[in-house]
């Protein structure tokens, strides 16, 4: 029998994190656990306020879940279809169950999840994100993050050029740029992208508002750098339309309901000739270790959501000179502790 | 260590089988076996003359394969990428290795392959195929196949209406129609499709020559029945273009290099809103049992290639009142015998 346990957890950040649309100093999490024959699989929903889910919605959702109809955890597609069918949206809490199920499956098979999916043992270089701040503060952050191969810079403000100039004055690390829908004028955006390319940028994430399909497509057609849809691409069904609007997609487990749909999104995007980026929210080592299982399918990896936290309740994936180092243990490869959660 | 063995096998048919482009009474096979730690996985390449592969090309290909660089059979993507990289084409012999590898993986995990992919235990209704013959002979065949829920009729000849009329006079079983690129005029094809719909047809496979993208797309836009690309869609990379030319795709392991790419094709096609059909060549229970592992992703199943053979060297998937019944055993669920192959 599959049994479910869950518990809220307040994940706190070392520093306040700002993007063009808001800021946060903590993330409300719902931690989940699926157990089968004495083996535990762990999952996590991270629910930044901006995205519409909360401890209340997650609790209501999880209270609806009845897994008594499923005798076999390997009946994965049917279990996840059932979970997805319980309510629209709720993608983060759905992901918490997908992650726990895959952790459980991996442990039952004694295989890391990436091996279960047939993928290589990747040790990807992750970018480290610098939130919106004064140009001087952002440059100071960049200096602190000198072990990372890439810096991800949140733009989409009136100060974009000053920020980049300040950071570039202290480091030559290439940039992943995330405008978070902050650019409103396509001609200005294109000019800025040309300038950002000259400053050493790898790609541009969500340049304009996701509703502006024409504007984003116009930019993608002309941009000298690849564009990546984030807010515009939540789930598998969104890729077909996005393929004519962006060069790539940002897959985040909390948007797409978990590892299995994330895998399908990566497969589909690559089949359509698109680039694949792996992203995250503010998360513990649980969800980050889960996402890293798919790194073998990713062109770019931005899995830094656990690095600036102060009370991560799991140990899991490591970091060495900017590279993520999965433990290679069965499942997603994490260990609960130091605090007792369940 | 992964070790490979292979052996040619001549699979013979009870009856000569004709389509609009040729006929056959046997199929040259290459049977393969991958072994790891004393466990054997079985695979098969079926190479009807029409498709360009032969015992000679398969032997040359397999003699190139060197798996000594792979210590772990679960390093699936890398192993299959290596195999795919050895030479272009050769899709059937590549599939024989993919099938053997997945059979091996399933046995190592003690899981049927469909469970390894997270898919339900499907018992799909398969169509039974009636080759091109005189209308009278085709009607006689239809009577013999009365246990099947669907008949697949090979058209694309000057006699299409007479054949259908003769068969319809003896049975009400719905038709899957396969024109095998045999229709050359799009207006006539459309008129015929309307007529075939009235005769109880479910879909139309490869109506016009695969090179005629405009003609097939024109038909798809107007057809009252779904169209399915077969000859036009070999591999994952073909789906993107096919999505504007057909409503669905026919996935055959011998075209697409095996179960893993077939799985990805089904995922991608569904993400693009396309229908998924599973098809086959003249094959033993090995390749048919392998394809049936993906039936949980298929809208339509045409896995009858083992049913009209006289010397099937494996026992595997069963048939009960038109439904395929997988054994549920680990891997692809087959047993060698009665004859000794390896």
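The values are calculated or read from the model by the stated rules, or taken from the named source; none is laboratory data. Predicted model, so just to flag it, every value in this text is computed and none were measured. As a convention, Cβ positions derive from the backbone with ideal geometry for all residues, glycine included, and neighbour counts pool all protein chains shown.
Of all the numbered requirements in (1) closer than 20 Å to residue A:324 by Cβ; (2) touching a residue at least 60 places away in the same chain (Cβ under 8 Å), residue A:132 misses one, and that requirement is (1).
Can you find a residue in region A:283-290 that is within 15 Å of the chain's Cα centre (by Cα), assigned to a loop (DSSP other than H, G, I, E, B) and either away from every other protein chain (no Cβ under 12 Å) or surrounded by fewer than 23 Cβ atoms within 10 Å (Cβ to Cβ) (or both)? Checking region A:283-290: at least one residue is within 15 Å of the chain's Cα centre (by Cα), assigned to a loop (DSSP other than H, G, I, E, B) and either away from every other protein chain (no Cβ under 12 Å) or surrounded by fewer than 23 Cβ atoms within 10 Å (Cβ to Cβ) (or both). Scanning region A:55-85 for residues being away from chain B (no Cβ under 14 Å), under 27 Å from residue A:315 (Cβ atoms) and buried (at least 17 other Cβ atoms within 10 Å of the Cβ) gives a total of 2. Residue count for region B:194-217, restricted to those that are surrounded by 14 or more Cβ atoms within 10 Å (Cβ to Cβ) and either within 24 Å of residue B:252 (Cα to Cα) or outside the structural domain of residue B:145 (by TED's automatic domain parsing) (or both): 15. Can you tell me which of (1) within 12 Å of another protein chain (Cβ to nearest Cβ); (2) surrounded by fewer than 24 Cβ atoms within 10 Å (Cβ to Cβ); (3) not in a helix (DSSP H, G or I) is the one residue B:264 doesn't meet? It is condition (3) that residue B:264 fails. Among all residues of region A:92-111, there is at least one that is within 11 Å of another protein chain (Cβ to nearest Cβ), surrounded by fewer than 23 Cβ atoms within 10 Å (Cβ to Cβ) and assigned to a loop (DSSP other than H, G, I, E, B). Residue selection: residue B:88 fails the criterion of being modelled with pLDDT under 95 and either under 22 Å from the mean Cα position of the chain (by Cα) or surrounded by 24 or more Cβ atoms within 10 Å (Cβ to Cβ) (or both).
Only residues that are under 20 Å from residue B:256 (Cα atoms), in contact with a strand residue (DSSP E or B) (Cβ under 7 Å, 6 or more places away or on another chain) and either crowded, with 23+ Cβ neighbours inside 10 Å or within 8 Å of another protein chain (Cβ to nearest Cβ) (or both) were counted across region A:267-279, and they come to 1. Meeting the requirement of 2 or more residues that are at pLDDT below 90, the strands (runs of 3 or more DSSP E) wholly within region A:1-63 are A:3-19, A:22-36.
For residue B:249, the criteria (1) within 14 Å of chain A (Cβ to nearest Cβ); (2) surrounded by fewer than 24 Cβ atoms within 10 Å (Cβ to Cβ); (3) under 15 Å from the mean Cα position of the chain (by Cα) hold in every case but one, which is (2).
The conditions of being within 14 Å of another protein chain (Cβ to nearest Cβ), touching a helix residue (DSSP H, G or I) at 6+ places or on another chain (Cβ under 7 Å), within 30 Å of residue B:235 (Cβ to Cβ) and touching a residue at least 12 places away in the same chain (Cβ under 8 Å) are not met by residue A:229. Taken together, A:239, A:204 contain a single residue that is more than 26 Å from residue A:128 (Cβ to Cβ) and modelled with pLDDT of 95 or more, which is A:239.
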